[in-house]
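This report refers to the structure that appears directly beneath it.
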Amino acid sequence: MSSHPTADVSVRVAWADDAAAVASLQVRAWQEAYADQLPSEMLAELPVDRFETAWLESIARPKEARQRVLVALERATVRGFAATAPATDADANPAVDAEVTEFVVDPAHRHAGHGSRLLHAAADTMQSDRFTRATLWLNAANDELRGFLTEQGWAVDGAHRELDLYGDSSVLVKQVRLHTDLSR
């Protein structure tokens with residue numbers, strides 16, 4: 001028996017009461033992740049209240065039965081979240097292809113196992129929903145997340161896209177897609 005206390009950590013399906021914590025975490029993570037790519041005024045004005053409303057809707061009344069939001073917890077505190085749904089890419093078959101639409105771990109609590117637990121729970125959830133493949137789009141400059149995902153068995157599949165945040169080409173975010181086989 002170890003003499004060191006272990007953290008009370010888990011992953012579960014999100015509850016409506018988690019929407020505020022998920023929104024707040026998303027804003028903090030985006031402010032960190034996009035600090036070098038997006039205007040600081042845009043990051044400072046991210047609407048936490050609108051994010052919370054959207055997450056509450058997604059959690060309480062998902063548009064699709066296989067749309068899920070999972071939260072990684074340390075005791076009762078949300079340390080990360082993942083959202084999964086049928087994939088919507090043009091080359092996807094939504095009957096068997098899933099997408100991790102959001103994957104966020106609190107920047108102040110990375111490297112504590114929350115990301116691994118969350119990613120494995122998301123994969124298990126997508127498998128339970130009978131998906132055989134999963135994809136995830138990420139910021140092309142996010143080498144840390146890409147490295148983490150590839151260590152977990154995900155691979156770049158060659159797809160890429162540019163998000164035009166203002167619709168006028170003034171702020172473009174380059175993304176690459178990773179995938180993994182869920183059929184194992």
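The values are calculated or read from the model by the stated rules, or taken from the named source; none is laboratory data. Remember, it's a predicted structure, so these values are computed and weren't measured experimentally. As a convention, Cβ positions derive from the backbone with ideal geometry for all residues, glycine included, and neighbour counts pool all protein chains shown.
Hey, can you tell me all the residues within the stretch 132-184 that are outside any strand (DSSP E or B), surrounded by fewer than 15 Cβ atoms within 10 Å (Cβ to Cβ) and charged (D, E, K, R)? Passing the criteria: D143, E144, E151, D168, R184. Quick check: is even one residue across the stretch 48-56 without any contact (Cβ under 8 Å) to a residue 60 or more places away in the chain, among the acidic types (D, E) and surrounded by 14 or more Cβ atoms within 10 Å (Cβ to Cβ)? Yes, the stretch 48-56 contains at least one residue that is without any contact (Cβ under 8 Å) to a residue 60 or more places away in the chain, among the acidic types (D, E) and surrounded by 14 or more Cβ atoms within 10 Å (Cβ to Cβ). If I ask for residues that are surrounded by 13 or more Cβ atoms within 10 Å (Cβ to Cβ), of a type in the set (A, V, I, L, M) and either over 14 Å from the mean Cα position of the chain (by Cα) or modelled with pLDDT under 95 (or both), which ones from the stretch 61-86 would you list? If the condition is that a residue be surrounded by 13 or more Cβ atoms within 10 Å (Cβ to Cβ), of a type in the set (A, V, I, L, M) and either over 14 Å from the mean Cα position of the chain (by Cα) or modelled with pLDDT under 95 (or both), then L73 is the only one that fits. Of the residues making up the stretch 78-123, those that are in contact with an Asp or Glu (Cβ under 9 Å, 6 or more places away or on another chain) and of a type in the set (K, R) are R79, R110. May I ask you to verify whether E102 is acidic (D, E), assigned to a helix (DSSP H, G or I) and either at pLDDT 90 or above or surrounded by fewer than 20 Cβ atoms within 10 Å (Cβ to Cβ) (or both)? The answer is no for E102.
Take L38 and tell me if it is part of a loop (DSSP other than H, G, I, E, B), modelled with pLDDT under 95, surrounded by 11 or more Cβ atoms within 10 Å (Cβ to Cβ) and among the aliphatic types (A, V, I, L, M). So L38 fits the description; yes.
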